[in-house]
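Enquirer: Attaching a single structure in structure tokens format; questions to follow.
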Amino acid sequence: MQETGYPFRQLEKHWQQAWDKANAFVPLSQDAAKKYYVLEMFPYPSGRLHMGHVRNYTIGDVIARFWRARGYDVLHPMGWDAFGSPAENAALERGVDPGKWTYENIANMREELKALGFSYDWSRELATCDATYYGQEQELFLRFLEAGFVYRKESFVNWDPVDLTVLSNEQVVDGRGWRSGAVVEKKKLTQWYLRITDEAEDLLAGLDTLTQWPEKVRTMQRNWIGKSKGATIHFALEGSAEKMTVFTTRPDTIFGASYLALSPHHPLVEELAKTNPDIAAFVEECDQMGTSEVLLEKAEKKGMKTPFVAQHPFDASLKLPVYVANFVLMDYGTGALFAVPAHDQRDLDFARLYDLPVRPVVREAKAKTCEITDTAFTGDGILYNSHFLDGMGVEDAKAEVIRRLQAMNQGEGCTTYRLRDWGISRQRYWGCPIPIIHCAACGAVPVPHKDLPVRLPDNVVFDRPGNPLDRMDAWKKVPCPTCGKDAERETDTLDTFFNSSWYFARFTCPTSPAPLDPKTTGHWLGVDQYIGGVEHAILHLLYARYFTRCLKKLGLVSVDEPFKALLTQGMVCHETFKTQDGQWVYPMDVTYGDDGKPVHLETGAPLVKGRSEKMSKSRKNVVDVAPILRDYGVDAARLFMISDSPPERDLEWTDAGIHGIWKFLNRVWRQLDSLTPSFEAPGALSPADETLLRTTHTLTDAMTKDLASFALNCYAARIREYANALFDAVAAATVQPCILTQVARTLVQLMGPVVPHLCESLWEKLGGEGLLAQASWPEADPQWTLRTTFTLAVQVNGKLRGTMDVSLDADEDALKQDALALPRVQEFLTTGQLRKAVYIPGKVLNLVVS
């Protein structure tokens with residue numbers, strides 16, 4: 001596209017340089033009375049921006065510019081979530097240094113972000129891979145260790161066989177690694193953990209205070225924390241002094257128990273596996289099938305009978321076989337359960353497979369029994385076949401079972417959580433080194449604070465999978481800080497989510513010699529508006545909430561919750577096309593035949609048009625950012641990103657849409673660039689003057705409310721409404737020139753947050769003082785926003801025959817007389833008489849004529 005009209009290529013760079021020179025986006029002072037901290041989730045430096053980035057950051061920038069214009073001291077920083085496996089993959093595949101690859105990508109993406117005119121305070125830029133950042137992170141790790149928030153233990157972990165690293169439970173999605181997509185295995189390793197379970201109840205309660213978060217995200221976190229109330233029951237084992245403790249949320253169904261099931265990693269199973277090859281083989285098979293609850297739920301239920309037999313706590317004659325089962329998780333409850341096939345589908349599937357008894361003990365209130373075929377009854381009801389529980393409701397029966405168990409010293413009521421402690425060790429080079437030295441005599445010794453940061457070594461060789469730090473003796477072998485003997489550094493690095501769990505706080509004091517400055521964090525935190533994808537609901541967002549609680553206990557922050565308000569923006573989608581044999585085709589390679597059906601541009605082969613989907617390289621429906629900025633300019637791209645769809649919903653990218661935005665902005669440029677500014681005092685106001693002023697102030701008020709409530713698509717629509725009203729007034733030439741100038745300048749101010757480059761140019765042409773980026777937001781004058789008239793619908797016999805603009809305080813009799821004088825009403829009165837008039841104040845007047 002040739003540049004015509006608005007010369008965006010020339011003016012974009014000019015105004016970006018002007019903003020930089022004026023430090024327009026640097027916060028004034030932490031003593032400012034009104035502060036606003038807006039933050040978009042910082043990106044991984046993959047090398048190129050995509051349209052999802054553009055939408056996310058445009059939303060944040062519009063809000064930052066708006067609140068800055070409203071007189072708030074705005075903090076709007078940008079940085080890079082720069083550690084992680086993609087850099088190591090690039091090293092393996094291309095033979096490049098991870099650090100060099102990462103910093104080159106940062107440089108490219110920084111330039112792209114600057115080209116988009118985002119109002120970031122670049123003086124606060126940080127990268128998690130920089131030693132100035134991760135050195136402070138190591139300091140935090142040591143303080144967490146001293147405070148007891150961090151500990152080390154051997155346990156089974158989620159192992160990604162492709163990335164060759166450990167994953168937290170939150171990083172396992174449908175049984176697969178969140179990055180690699182590989183089926184996750186179980187592996188026993190010694191790892192570092194954060195005690196996030198200590199804060200489970202507080203994290204759960206805190207969700208009720210986050211009223212400006214999407215309910216969907218709060219629900220996802222509630223479910224992940226997974227609070228369950230129930231009972232622990234101690235089952236005696238025949239021929240053994242040991243007892244088997246199970247946790248259950250349904251103690252009321254105890255008389256329906258058919259068998260007990262153990263996790264493959266239950267301590268009793270591990271002991272059996274040492275002498276029983278069949279059980280050992282079964283455990284190994286279970287380790288290969290994945291780890292997530294979703295995957296285990298879908299998998300075929302398998303088990304193996306053990307020699308153990310458990311005794312029912314209330315009926316000594318009832319013997320319960322004990323199985324190892326592939327669907328029991330060691331990290332939920334006690335890793336053991338009593339199975340009630342009649343009232344749990346998973347237990348029923350297993351019972352049918354191994355021909356185990358099915359004993360219904362809960363029936364519907366109006367039924368006498370409960371027949372079980374292939375579906376378990378899981379609803380509420382009345383207990384039966386349950387001895388002393390017969391006739392009770394479910395809740396009463398739960399309480400009675402717990403009471404009796406406690407009296408017998410065979411169990412107790414308890415609460416448990418699905419949430420597990422957060423494993424933070426990762427077996428990779430490109431991460432923050434864990435500041436620990438392992439000594440045979442002294443154990444795990446913290447690196448002295450004075451020796452931080454522990455820097456990653458240079459010149460690493462990536463000639464095979466795995467962690468190259470394990471092979472770097474020159475870096476790894478060091479003397480013990482305590483005894484001086486030979487020792488080795490910890491070669492695991494920190495989970496990247498550890499890096500991103502406190503960056504928002506570091507942005508407030510990026511040059512502090514300590515990790516955080518309490519005075520500065522006290523002023524800026526919590527973040528007033530956080531923006532990012534819903535996919536982070538139970539990863540980054542949950543970890544950051546936990547981390548903030550730890551930081552508060554250390555006196556580094558003064559808030560419990562890091563983010564006051566959260567917006568989870570929708571995706572940018574684009575139509576997709578495939579060949580008849582299923583090959584994806586770029587939209588740019590598609591044209592349409594005479595019949596209107598899509599065909600390949602070069603071959604003419606017929607294509608199948610698919611649904612619009614999230615932009616994806618694999619589906620070849622990605623729109624490159626650079627050509628859009630080249631052909632249409634930054635402002636057009638920015639305005640398109642907030643048009644049509646609310647920010648929390650998906651946005652459909654269309655070529656027609658961006659072209660329409662481009663044409664509109666050029667019209668704004670032509671109209672206002674040709675307007676001769678007038679600064680004379682207005683004379684007596686004409687009806688045309690009053691109409692335009694009323695429109696101006698009404699829309700100013702509405703657009704202010706739109707931006708304050710994130711109704712950005714409504715704000716974009718009102719930009720057009722306002723502009724069209726102004727253009728009509730200019731064409732009519734009935735409004736005083738000074739009022740046209742005033743209205744035009746207000747339009748420019750209102751458009752400024754989303755199309756800043758064009759508006760800076762027009763602000764200058766219309767006589768605006770200083771930079772628009774530093775100008776105050778226009779205020780609506782109440783005298784022009786108050787309604788003094790309304791449109792009255794006039795009906796005859798219930799059908800609309802006309803309208804009248806009337807005063808809000810008009811007399812009903814006067815309204816009736818004016819309505820009777822309307823020409824369309826007169827037509828009916830020539831053949832009939834008025835029988836009755838029904839008036840609904842402020843809405844409609846219905847005349848009954850016959």
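The values are calculated or read from the model by the stated rules, or taken from the named source; none is laboratory data. What you are looking at is a predicted structure, and each value in this text was computed from that prediction instead of being measured. Note that we place each Cβ from the backbone using ideal geometry, even for glycine, and neighbour counts take in every protein chain shown. Heavy atoms of the whole protein, side chains included, go into the accessibility calculation; ligands, DNA and RNA do not. Shrake-Rupley method; radii C 1.70, N 1.55, O 1.52, S 1.80 Å.
Enquirer: I want to confirm something. Restricting to region 436-470 and keeping residues that are assigned to a loop (DSSP other than H, G, I, E, B) and of a type in the set (Val, Ile, Thr), which single residue is nearest to the chain's Cα centre (by Cα)?
Expert: Filtering region 436-470 down to residues assigned to a loop (DSSP other than H, G, I, E, B) leaves 440-442, 447-448, 452-467.
Right, trim to of a type in the set (Val, Ile, Thr) and you get 447, 454, 460-461.
On the way: Val447: 36, Val454: 32, Val460: 35, Val461: 36 Å.
Per the stated criteria, the residue is Val454.
Enquirer: Please specify each residue of region 684-725 satisfying the condition of being hydrophobic (A, V, I, L, M, F, W, C) and under 23 Å from Trp662 (Cα atoms).
Expert: Residues of region 684-725 hydrophobic (A, V, I, L, M, F, W, C): 684-685, 688, 692-693, 699, 702-703, 707-708, 710-712, 714, 716-717, 719, 723, 725.
Once the filter is applied, which keeps residues that are hydrophobic (A, V, I, L, M, F, W, C) and under 23 Å from Trp662 (Cα atoms), region 684-725 yields Leu699, Met703, Leu707, Ala711, Leu712, Cys714, Ala716, Ala717, Ile719, Ala723, Ala725.
Enquirer: Identify the residue in region 299-308 that is buried (at least 17 other Cβ atoms within 10 Å of the Cβ) and of a type outside the set (Gly, Ala, Ser) and, among all such residues, is nearest to Asn276 (Cα to Cα). Walk me through it before giving the result.
Expert: Looking only at region 299-308, we keep the residues that are buried (at least 17 other Cβ atoms within 10 Å of the Cβ), and these are 301-304, 306, 308.
With the extra rule that they be of a type outside the set (Gly, Ala, Ser), the set shrinks to 301-302, 304, 306, 308.
Details: Lys301: 21, Lys302: 17, Met304: 11, Thr306: 10, Phe308: 13 Å.
Taking the candidates together, the pick is Thr306.
Enquirer: Taking the criterion of being in a strand (DSSP E or B), among the hydrophobic types (A, V, I, L, M, F, W, C) and touching a residue at least 40 places away in the same chain (Cβ under 8 Å), would at least one residue in region 524-546 satisfy it?
Expert: Taking region 524-546 and keeping what is in a strand (DSSP E or B), we get 527, 529-532.
Next, from what is left, pick out any that are among the hydrophobic types (A, V, I, L, M, F, W, C): 527, 531.
From what is left, the residues that are touching a residue at least 40 places away in the same chain (Cβ under 8 Å) are 527, 531.
Yes, because at least one residue in region 524-546 is in a strand (DSSP E or B), among the hydrophobic types (A, V, I, L, M, F, W, C) and touching a residue at least 40 places away in the same chain (Cβ under 8 Å).
Enquirer: Looking at Leu405, is it of a type in the set (A, V, I, L, M), open to solvent by less than 20 Å² (accessible area, probe 1.4 Å) and in a loop (DSSP other than H, G, I, E, B)? Write out each step before concluding.
Expert: On the way: of a type in the set (A, V, I, L, M): yes; open to solvent by less than 20 Å² (accessible area, probe 1.4 Å): yes; in a loop (DSSP other than H, G, I, E, B): no.
Against the criterion (of a type in the set (A, V, I, L, M), open to solvent by less than 20 Å² (accessible area, probe 1.4 Å) and in a loop (DSSP other than H, G, I, E, B)), Leu405 does not qualify.
Enquirer: In region 669-684, is there at least one residue being under 17 Å from Asn713 (Cα atoms), within 40 Å of the chain's Cα centre (by Cα) and in contact (Cβ under 8 Å) with a residue 24 or more places away in the chain? Give the steps one after another, and end with the answer.
Expert: Filtering region 669-684 down to residues under 17 Å from Asn713 (Cα atoms) leaves none.
Checking region 669-684: not a single residue is under 17 Å from Asn713 (Cα atoms), within 40 Å of the chain's Cα centre (by Cα) and in contact (Cβ under 8 Å) with a residue 24 or more places away in the chain.
Enquirer: Please list, ordered by first then second residue, the pairs with beta carbon atoms under 6 Å, 6 or more apart or interchain, first in region 717-729 and of a type in the set (Gly, Ala, Ser), second surrounded by 15 or more Cβ atoms within 10 Å (Cβ to Cβ).
Expert: Matching pairs, first to second residue: Ala723/Val668; Ala725/Thr695; Ala729/Leu692; Ala729/Val735.
Enquirer: Are there any strands (runs of 3 or more DSSP E) wholly within region 551-659 with 1 or more residues that are free of Cβ contacts under 8 Å to residues at least 24 places away in the same chain and open to solvent by 30 Å² or more (accessible area, probe 1.4 Å), and if so which? It would help to see each step written out before you state the result.
Expert: Numbers: elements: 566-568, 572-579, 590-592, 598-600, 607-614.
Fully inside region 551-659 and qualifying: 590-592, 598-600.
Enquirer: Looking only at residues in region 802-825 that are at pLDDT below 90, in contact with a Lys or Arg (Cβ under 8 Å, 6 or more places away or on another chain) and closer than 13 Å to Leu847 by Cα, which one is least open to solvent (accessible area, probe 1.4 Å)?
Expert: This residue is Gly802.
Enquirer: Take the residues in region 699-755 that are of a type in the set (S, T, N, Q) and over 38 Å from the mean Cα position of the chain (by Cα), then tell me which one is least open to solvent (accessible area, probe 1.4 Å). Break it down into steps so the answer makes sense when it comes.
Expert: Residues of region 699-755 of a type in the set (S, T, N, Q): 700, 704, 709, 713, 724, 734, 736, 741-742, 746, 749.
From what's left, over 38 Å from the mean Cα position of the chain (by Cα): 734, 736, 741-742.
Numbers: Thr734: 80, Gln736: 41, Thr741: 3, Gln742: 87 Å².
Taking the candidates together, the pick is Thr741.
Enquirer: For region 797-833, how many residues meet the condition of being aliphatic (A, V, I, L, M), touching a Phe, Trp or Tyr at 6+ places or on another chain (Cβ under 9 Å) and assigned to a strand (DSSP E or B)?
Expert: 1
Enquirer: Can you name every residue in region 505-523 that is farther than 20 Å from Phe141 by Cβ and free of Cβ contacts under 8 Å to residues at least 24 places away in the same chain?
Expert: Across region 505-523, the qualifying residue is only Thr511.
Enquirer: Would you check which residues across region 235-256 are closer than 17 Å to Met408 by Cβ and open to solvent by 50 Å² or more (accessible area, probe 1.4 Å) and list them?
Expert: Lys243, the sole residue that qualifies.
Enquirer: It is to be established whether one or more residues within region 478-495 are surrounded by fewer than 23 Cβ atoms within 10 Å (Cβ to Cβ), outside any loop (DSSP other than H, G, I, E, B) and among the β-branched types (Val, Ile, Thr).
Expert: Within region 478-495, one or more residues are surrounded by fewer than 23 Cβ atoms within 10 Å (Cβ to Cβ), outside any loop (DSSP other than H, G, I, E, B) and among the β-branched types (Val, Ile, Thr).
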